[in-house]
1. Among the residues of the stretch 53-104, how many are aliphatic (A, V, I, L, M), in contact (Cβ under 8 Å) with a residue 40 or more places away in the chain and closer than 25 Å to V6 by Cα?
2. Kindly establish whether R55 is open to solvent by 50 Å² or more (accessible area, probe 1.4 Å) and at pLDDT 95 or above.
3. Under the condition of being buried (at least 16 other Cβ atoms within 10 Å of the Cβ) and on the phi < 0 side of the Ramachandran plot, which residue from the stretch 26-42 is farthest from the chain's Cα centre (by Cα)?
4. Among the residues of the stretch 87-109, write down those that are open to solvent by 70 Å² or more (accessible area, probe 1.4 Å) and in contact with a Leu (Cβ under 9 Å, 6 or more places away or on another chain).
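The values are calculated or read from the model by the stated rules, or taken from the named source; none is laboratory data. This structure is a prediction, so every number in the text was calculated from the model and none was measured. All Cβ positions, even for glycine, are placed from backbone atoms using ideal geometry, and neighbour counts span all protein chains on display. Ligands, DNA and RNA are excluded from the accessible area calculation, which covers all protein heavy atoms including side chains. Shrake-Rupley method; radii C 1.70, N 1.55, O 1.52, S 1.80 Å.
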Amino acid sequence: MNKRTVGSEQERVAADYLKGQGYVIRQMNFRCRSGEIDIVASEGRYLVFVEVKYRSSGSAGDPLEAVGPKKQRQISRTAAVYLHMHGLSGDTPCRFDVVGITGDGTVRLLRNAFDYC
């Protein structure tokens with residue numbers, strides 16, 4: 001199985017998990033010139049931009065720690081494009097979450113993983 005197929009499967013797993021946590025999935029794989037956001041969802045009053053990270057084994061590190069500063073900036077820029085394209089103001093309460101999935105099927109959610117940058 002190639003990485004894209006595995007990634008798509010894990011994003012579906014993450015979306016199902018988020019639904020179980022009360023999130024409403026608005027869009028999967030939002031893409032623009034700035035980049036891609038795996039899942040755009042709503043939870044309560046928040047619009048949530050979710051990055052999904054999968055690690056088949058622990059040797060590659062904790063998936064929740066895999067979103068570094070460069071990736072955070074790219075996600076932030078892409079989120080700004082999403083807001084603009086959907087006619088949402090900069091005052092819209094937003095949050096950036098990360099879902100980490102490991103090879104044994106463990107799913108963990110880190111709410112408010114990083115601030116807009």
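1. 7
2. For R55, the condition - open to solvent by 50 Å² or more (accessible area, probe 1.4 Å) and at pLDDT 95 or above - is not met.
3. Across the stretch 26-42, the extreme among qualifying residues is S34.
4. Listed by number, the residues that qualify are G90, R108.
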